Amino acid sequence: MQWTDEAILLGVRRHGETSVIAEMMTRSRGRHLGMVRSGRSRTMQPVLQPGNRLEVTWRARLDEHLGEYRIEPLVLRAGRLMESATAVYGVQALAALLRLLPERDPHPHLFEALDVILDHLEEPATAGELFVRFELALLNDLGFGLDLEECAATGARFDLAYVSPKSGRAVSREAGAPWADKMLALPDFLTPGTNRAADPDSLAAAFRLTSYFLDRHVYVPRGLEPGAAREGFCQAALKTLRSLDATGALAAPKNTA
């Protein structure tokens, strides 16, 4: 068995004296493990860093075997990703989310989304928005997607302000008013057709929204803990965003045209 694909490294662990087991998110074969011989060498260590995009060739006698990787670097971004807390936590948090998926289950759109986020982790507003959308896409792939396009009660597509914690569907401000204290807030930047960028308050609300449904549908049923990386990313992104907001340095509303 042999195939070649693009991949983003999620992490490595030691295997023997000189080798490692590399965990990749591949473009067309999902999250996939394989051994890299001499992976702890001085030549390979800078290449085998989380966040780097690689061309990998996987070989094994049988498809169900662990197999071995031969690796060629494509984009070595790991050095840049170590420069801020947002990026450091972000790489770890994204890898942890992808581990919720079955191994070798293809999710090419998540590979593409991961690649884009890794290029923007030093931009707190953009990184935060992309991270939330990544979590929403992951929930959808796990079978727990939210419907944020129209009001669950009226079918309206405007003035959506809430998300029902029971159904995961959007609710308009008017329809949800009697139960506002029991609803989750729907941030403006996640509503259909918006051109608003995230501010600290709306981004914090978005983190709470995805956290609620991940806990309800994924972590609690599986007996798992979210881990510290996601919380670290959220806090680092919000801290930087609030600092920019205080100085008036936040970007202008994004153009979706």
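Here are the numbers:
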{"quantity": "Unmet criterion (only one of (1) open to solvent by 60 Å² or more (accessible area, probe 1.4 Å); (2) at pLDDT 95 or above; (3) under 23 Å from residue 130 (Cα atoms)) for residue 195", "calculated": "(2)"}
{"quantity": "Candidates 167, 243, filtered to the one that is out of contact with any strand residue (DSSP E or B) (no Cβ under 9 Å at 6 or more places or on another chain), hydroxyl-bearing (Ser, Thr, Tyr), without any contact (Cβ under 8 Å) to a residue 60 or more places away in the chain and open to solvent by 20 Å² or more (accessible area, probe 1.4 Å)", "calculated": "243"}
{"quantity": "The range 69-81: number of residues that are surrounded by fewer than 18 Cβ atoms within 10 Å (Cβ to Cβ) and either over 28 Å from residue 141 (Cα atoms) or among the acidic types (Asp, Glu) (or both)", "calculated": "6"}
{"quantity": "Residue under evaluation residue 144, criteria (1) without any contact (Cβ under 8 Å) to a residue 40 or more places away in the chain; (2) open to solvent by 50 Å² or more (accessible area, probe 1.4 Å); (3) not charged (D, E, K, R), criterion not met", "calculated": "(1)"}
{"quantity": "Some residue of the range 25-32 being loosely packed, with under 14 Cβ neighbours inside 10 Å, closer than 18 Å to residue 113 by Cβ and of a type in the set (Ser, Thr, Tyr)", "calculated": "yes"}
{"quantity": "Selected residue (only one of 83, 112, 17, 64 is under 21 Å from residue 129 (Cβ atoms) and modelled with pLDDT under 95)", "calculated": "83"}
{"quantity": "Test: residue in the range 198-211 that is modelled with pLDDT of 95 or more, in a loop (DSSP other than H, G, I, E, B) and open to solvent by less than 10 Å² (accessible area, probe 1.4 Å)", "calculated": "no"}
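The values are calculated or read from the model by the stated rules, or taken from the named source; none is laboratory data. For clarity, every value in this text was computed on a predicted model and none was experimentally measured. Cβ atoms come from the backbone with ideal geometry, glycine included; neighbour counts cover every protein chain shown. Quick note on the areas: whole protein, heavy atoms, side chains included, nothing else; ligands and nucleic acids left out. Shrake-Rupley method; radii C 1.70, N 1.55, O 1.52, S 1.80 Å.
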